[in-house]
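The values are calculated or read from the model by the stated rules, or taken from the named source; none is laboratory data. Remember, it's a predicted structure, so these values are computed and weren't measured experimentally.
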Amino acid sequence: MKRDDDKDPSLFDLPGWATTRTDDPSSSYEAADAVAPKVSRLHQLILDILDRNGRRGATPYELIEETGVIYNTIWRRLSELKKMGKVVNNDRYRPNDRGFNETVVTLLRYADPAAVPFD
């Protein structure tokens with residue numbers, strides 16, 4: 001999964017990401033290989049949206065609205081991107097469709113100086 005020439009941590013380098021176990025059947029390896037591009041595409045989609053939004057960033061709800069992906073999946077991808085050092089929460093909030101405030105997430109390069117890591 002990880003190539004020697006990769007400079008950024010890949011999804012499969014993250015702690016707790018179990019691709020396969022040594023005693024798994026070959027179908028598990030095939031499944032892990034099949035899902036990797038889809039997960040990477042979603043990471044890239046989120047990064048593209050956040051890059052386009054610049055300092056404005058996006059809330060998880062806004063990312064759901066724009067991508068059509070369910071909340072749990074967006075939340076997991078944001079957590080992974082945080083572990084990769086690509087996104088931070090920006091200590092700002094905007095209301096979701098139910099009126100509850102959600103944290104605004106930005107790319108690290110657009111973060112306010114007071115930004116704290118996204119949890």
Thr20, sole failed condition from (1) part of a loop (DSSP other than H, G, I, E, B); (2) β-branched (Val, Ile, Thr); (3) within 18 Å of the chain's Cα centre (by Cα); (4) modelled with pLDDT under 90: (3)
Selection from the stretch 41-89 of residues that are of a type in the set (Lys, Arg), over 10 Å from the mean Cα position of the chain (by Cα) and within 16 Å of Asp112 (Cα to Cα): Arg55, Arg56
